[in-house]
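See structure below.
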Amino acid sequence: MITSLYTIKSFVSIGDSLDKCYDCEYCRANDDLKYHYHTLPSEINPLFKKLPIAVNLFYGDPTLQWENTINILKQLEIDKHEGIVMIVTKGKLKDIPKMSLNLHVGISYGPDKISQDNFEYNLKVAENSWYKYSIEFRPICNGINDSEDLIRYVFSMAKKYGNVPISYCGLQLPPKNLPEKYKPYDNREFSGQKYISKQVNEIIRKHSIEFGISVFHKTSCMLSTVHGLNYDYNIHFLKPIGVECHECINREMCNSFKVSSIDLPFDYEIVEKENYKCSFVRNGLCKVPNKECLNMRGIFIRPKLDSLTRGDVRIIKWLTGCMVSDVNNLIEIPYISDFWKK
């Protein structure tokens, strides 16, 4: 098992957790675990130069460890990393020196005061920068930061500072000590689906049209669009209703994506599936599946392997554009298997 590389839902995550952050009351990151990951993906396999990377997305905002953040970016530049590199911040942005790097900065706007106080300042900094940037409007919380006036304000700022794309979602599986003022929409339980009400979603869509701003349920969809990929690298288009693919400006791009062969360190088959239940649901690792997870249709990759980790599945997905199928032994850990070593 390769434990020097840490995967999360949309990225390989590089960097360090800190002893202090902004301690937003809805945050799940302060779990008393310490994270320190500095292995560059290409040190494990040259294919990994293409992987999406997040820098200092652990407990401890990138701006609270700015020298460390810049040093990691410089290491990736020296390594000639080709994939998208993202930092997400609610702290005050500083200048980032020009680099030969596919860098993206996500500017947070959430229910917390720190992101709201720094929001316009960060947009100004980003507008005058060399990198691509977006607004991370999340989490949108019931009765806290979901009023029409506030949503309109976020869209007006997106328009003012360069027609900035917006990713948005609700609150996901909050910490146990979440204050009572945070309540799920429509009396649902908080889950991994980051649900917001239909009414709030309609307000967002209305202002998207009014201001001419592209909106995305998923950060990977936004990143893939902004950085000119020819499909969403997290393959959300296999579940198009839940992420509203029909509303996306790049729906035709994902719909027309063709899988190409790639030299992976294991044998595999490319297969077409209908009515397919997600492998993580089949293996009992997903307790709150979306309805579409039970009935997916599209092109899948079937690795000829006895077992895979959650990390392996993510890497395969990002490299090939395919979800895995027919895996009988999935292991719920974020690390990757030894077969990746070159």
Once you charge only the Cβ atoms, +1 for Lys and Arg and -1 for Asp and Glu, what is the size of the charge dipole of the range 140-299 about its Cα centre, to the nearest 20 debye? 380
For Met323, the residues 5 or more places away or on another chain with a placed amide H closer than 5 Å to its own amide H are Ile301
Whenever you get a sec, line up Trp130, Trp66 from highest to lowest accessible area (probe 1.4 Å, protein heavy atoms). Trp130, Trp66
Between the range 94-139 and the range 318-342, how far is it from one alpha carbon centroid to the other, in angstrom? 32
Dipole of the range 209-342, positive end: most advanced residue of Met253, Ser337, Leu229 [Cβ charges, Cα centre]: Ser337
Lys/Arg Cβ at +1, Asp/Glu Cβ at -1, dipole of the chain taken about the Cα centre: which of Leu238, Phe280, His104 is farthest positive-ward? Leu238
Using 1/(1 + (r/R0)^6) with R0 = 41 angstrom and r between the beta carbons of Asp306 and Asn275, what's the FRET efficiency to the nearest 0.05? 0.95
Checking the cross-link filter: which lysines have an alpha carbon closer than 16 Å to that of Lys90, excluding same-chain neighbours under 8 positions apart? Lys20, Lys113, Lys124
Excluding His207 itself, calculate the net charge of residues whose Cβ lies under 9 Å from the Cβ of His207, where each Lys or Arg counts +1 and each Asp or Glu counts -1. +1
Taking a ≥ b ≥ c as the square roots of the Cα gyration tensor eigenvalues, with a/c under 1.5 meaning rounded and otherwise prolate when a/b beats b/c, else oblate, which class fits the range 165-270? oblate
How big is the dipole moment of the chain about its Cα centre under a simple scheme where the beta carbon of each Lys and Arg is +1, that of each Asp and Glu is -1, and everything else is neutral? Debye, nearest 20, please. 360
Please state, to two decimals, what the Cα-based radius of gyration of the range 110-191 comes to when divided by 2.2 N^0.38 Å (N = residues). 1.22
Can you give the FRET efficiency to the nearest 0.05 for Phe266 and Ser100, using r as the Cβ-Cβ distance and R₀ = 51 Å? 0.95
Enter the mean projected area of the convex hull around the alpha-carbon atoms of the range 241-328, in nm², rounded to one decimal. 6.1
What trypsin sites (Lys or Arg not before Pro) does the range 197-288 have in DSSP loop regions with at most 13 other beta carbons within 10 Å? Lys258, Lys287
Tell me the per residue accessible area of the chain using a 1.4 Å probe; a whole number in Å² is fine. 47
Would you mind checking the range 134-158 for residues with the amide N under 17 Å from a putative spin-label position 7 Å along Cα→C-beta of Glu120? 149-158
Where the only charges are on Cβ atoms (+1 Lys, Arg; -1 Asp, Glu), what is the dipole of the range 61-147 about its Cα centre, to the nearest 20 debye? 120
Whenever you get a sec, compute what percent of the accessible area on the range 1-123 sits on carbon and sulfur atoms (1.4 Å probe). 50
Entries of Lys287/Lys317; Lys50/Lys341; Lys50/Lys342; Lys92/Lys176 with Cα pairs more than 24 Å apart: Lys92/Lys176
Karplus couplings for the range 277-294 from phi (6.51 cos²θ - 1.76 cosθ + 1.60, θ = phi - 60°), rounded to Hz, Gly and Pro as x? 8, 3, 4, 6, 5, 4, 8, x, 9, 10, 8, 10, x, 5, 4, 5, 5, 8
Centroid-to-centroid separation of the range 1-51 and the range 140-158 [C-alpha atoms, Å]: 30
Determine the alpha carbon to alpha carbon distance for each of Lys218/Lys291; Lys194/Lys239; Lys9/Lys159 and list only those over 22 Å. Lys9/Lys159
Using θ = phi - 60° and the Karplus form 6.51 cos²θ - 1.76 cosθ + 1.60, what ³J(HN,Hα) does each residue of the range 37-45 get, whole Hz, x for Gly and Pro? 10, 9, 5, 6, x, 5, 5, 8, 7
In whole percent, and with a 1.4 Å probe on the protein chains, what portion of the accessible area of the range 179-320 is carbon and sulfur? 46
Rounded to whole Å and sorted largest first, list the principal axis extents of the Cα atoms in the range 184-332. 49, 36, 25
Please say if the range 213-286 is rounded, prolate or oblate, where rounded means a/c under 1.5 for a ≥ b ≥ c the square roots of the C-alpha gyration tensor eigenvalues, and otherwise the choice is prolate for a/b larger than b/c and oblate otherwise? oblate
So what is the orientation-averaged projected area of the range 58-206, using the convex hull of its C-alpha atoms, in nm²? 9.7
Normalised by the residues of the range 276-338, what does the relative contact order come to in percent, with Cα pairs under 8 Å and at least six apart? 37
Rounded to the nearest 500, the 222 nm mean residue ellipticity computed for the chain from DSSP H runs (n ≥ 4, each -39500 (n - 2.57)) alone is -7000 deg cm²/dmol
Hey, if you put +1 on the Cβ of every Lys and Arg and -1 on every Asp and Glu Cβ in the chain, which of Ile114, Leu51, Ile196 ends up farthest toward the positive end of that dipole? Ile196
Take the Cα coordinates of the range 90-129, assign each an equal point scatterer, and use the Debye formula without solvent to give log10 I(q)/I(0) at q = 0.18 Å⁻¹. -0.50
Could you tell me the distance between the Cα centroids of the range 66-82 and the range 160-193, to the nearest Å? 31
Shape call for the range 1-121 from the C-alpha gyration tensor, a ≥ b ≥ c root eigenvalues: rounded (a/c under 1.5), prolate (a/b greater than b/c) or oblate? oblate
Tally the DSSP beta bridges in the chain and give the antiparallel ones as a percent, rounded to 5. 30
Principal axes first, then extents: for the Cα atoms of the chain, list largest minus smallest coordinate on each axis, whole Å, largest first. 53, 44, 40
Note, ³J(HN,Hα) from phi for the range 182-190, Karplus 6.51, -1.76, 1.60, rounded to Hz, x at Gly and Pro: 8, 10, x, 6, 6, 6, 7, 7, 4
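The values are calculated or read from the model by the stated rules, or taken from the named source; none is laboratory data. If you're wondering where the values come from, they're calculated on a predicted model, not measured in any experiment. Ideal geometry is used to build each Cβ from the backbone, glycine not excepted, and the neighbour counts take in all protein chains shown. Accessible surface areas use protein heavy atoms only, side chains included; no ligands, DNA or RNA. Shrake-Rupley method; radii C 1.70, N 1.55, O 1.52, S 1.80 Å.
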